[in-house]
Every structure is written in C-alpha cells, then in structure tokens.
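The values are calculated or read from the model by the stated rules, or taken from the named source; none is laboratory data. These numbers come from a predicted model, not from an experiment. Counting neighbours? That spans all protein chains shown, and the Cβs are built from the backbone with ideal geometry, glycine included. Only protein heavy atoms, including side chains, enter the accessible area calculation; ligands, DNA and RNA are left aside. Shrake-Rupley method; radii C 1.70, N 1.55, O 1.52, S 1.80 Å.
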Amino acid sequence: LRLVGGRLLAGDQGPVAQLIYEDASGYRVTLCLSSEQSDSGPELEVVTLHGLTAGYWHEGDLTYAPVAKATEQQLVTIATELGADQPDWL
C-alpha cells in the first residue's frame with residue numbers, strides 16, 4: 001500500500017487525521033487517527049455498514065480506525081499489522 005492522500009477533519013473532541021492508502025490494483029484503505037478518549041483498549045472491534053468494514057482500537061493516546069471495502073478477516077489482517085490485538089472471536 002502507498003499513501004495517496006490525507007485530510008485533517010474535525011472530530012467531536014478534536015482533530016482527526018484521515019490517511020488514504022492504495023495498492024497497485026486500486027484497492028483503497030482509509031486509516032483515521034484521533035486523540036479522542038475511548039473506553040476500548042488494544043483489542044480490535046469490527047463493524048460492517050453499507051458495504052464497508054471498519055475496525056477500531058485504542059492504544060496510548062490514539063484511537064485507530066481503518067475502513068475498507070473488505071471482509072472482516074481482511075480488515076483484521078490489516079489492523080493487526082498496524083498494532084491492534086486480535087479480536088476474541090477469531
């Protein structure tokens with residue numbers, strides 16, 4: 001994956017960085033990073049909505065949220081490469 005763009009967005013509790021990555025075939029993954037407080041920990045939580053799969057976890061002062069048109073397992077693979085803990089359901 002290579003970085004193809006990014007934005008700084010407004011979140012409920014401060015700025016959110018949105019980074020967009022793409023592979024050679026055009027497949028895209030968006031990663032959002034924020035310093036919003038979260039009750040979650042390093043274990044990945046996964047949700048699917050409108051054909052997109054998102055995961056999120058909190059580590060240190062950051063919350064991570066990758067989003068892609070992917071299966072849950074594909075998103076788990078991406079997220080664990082970024083540092084998330086495997087979800088219990090695997």
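Tabulated values for the structure
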{"item": "Total residues in the range 36-55, condition in a loop (DSSP other than H, G, I, E, B) and either modelled with pLDDT of 90 or more or among the hydrophobic types (A, V, I, L, M, F, W, C) (or both)", "result": "3"}
{"item": "Members of the range 72-90 found to be out of contact with any Ser or Thr (no Cβ under 7 Å at 6 or more places or on another chain), open to solvent by 20 Å² or more (accessible area, probe 1.4 Å) and either of a type in the set (S, T, N, Q) or part of a loop (DSSP other than H, G, I, E, B) (or both), listed by number", "result": "GLN73, GLN74, THR77, THR80, GLY83, ASP88, TRP89, LEU90"}
{"item": "Residue match in the range 14-23 (condition: open to solvent by less than 60 Å² (accessible area, probe 1.4 Å) and not in a strand (DSSP E or B))", "result": "yes"}
{"item": "Unmet criterion (only one of (1) over 15 Å from ALA84 (Cα atoms); (2) open to solvent by 40 Å² or more (accessible area, probe 1.4 Å); (3) touching a residue at least 24 places away in the same chain (Cβ under 8 Å)) for THR30", "result": "(2)"}
{"item": "Restricting the range 33-47 to residues that are out of contact with any helix residue (DSSP H, G or I) (no Cβ under 7 Å at 6 or more places or on another chain) and of a type outside the set (Gly, Ala, Ser), the residue that is surrounded by the fewest Cβ atoms within 10 Å (Cβ to Cβ)", "result": "ASP39"}
{"item": "Flag for LEU8 being modelled with pLDDT of 90 or more, open to solvent by 70 Å² or more (accessible area, probe 1.4 Å) and touching a strand residue (DSSP E or B) at 6+ places or on another chain (Cβ under 8 Å)", "result": "yes"}
{"item": "In the range 56-69, residue farthest from VAL4 (Cα to Cα) [restricted to those that are free of Cβ contacts under 8 Å to residues at least 24 places away in the same chain and either assigned to a strand (DSSP E or B) or open to solvent by less than 40 Å² (accessible area, probe 1.4 Å) (or both)]", "result": "HIS58"}
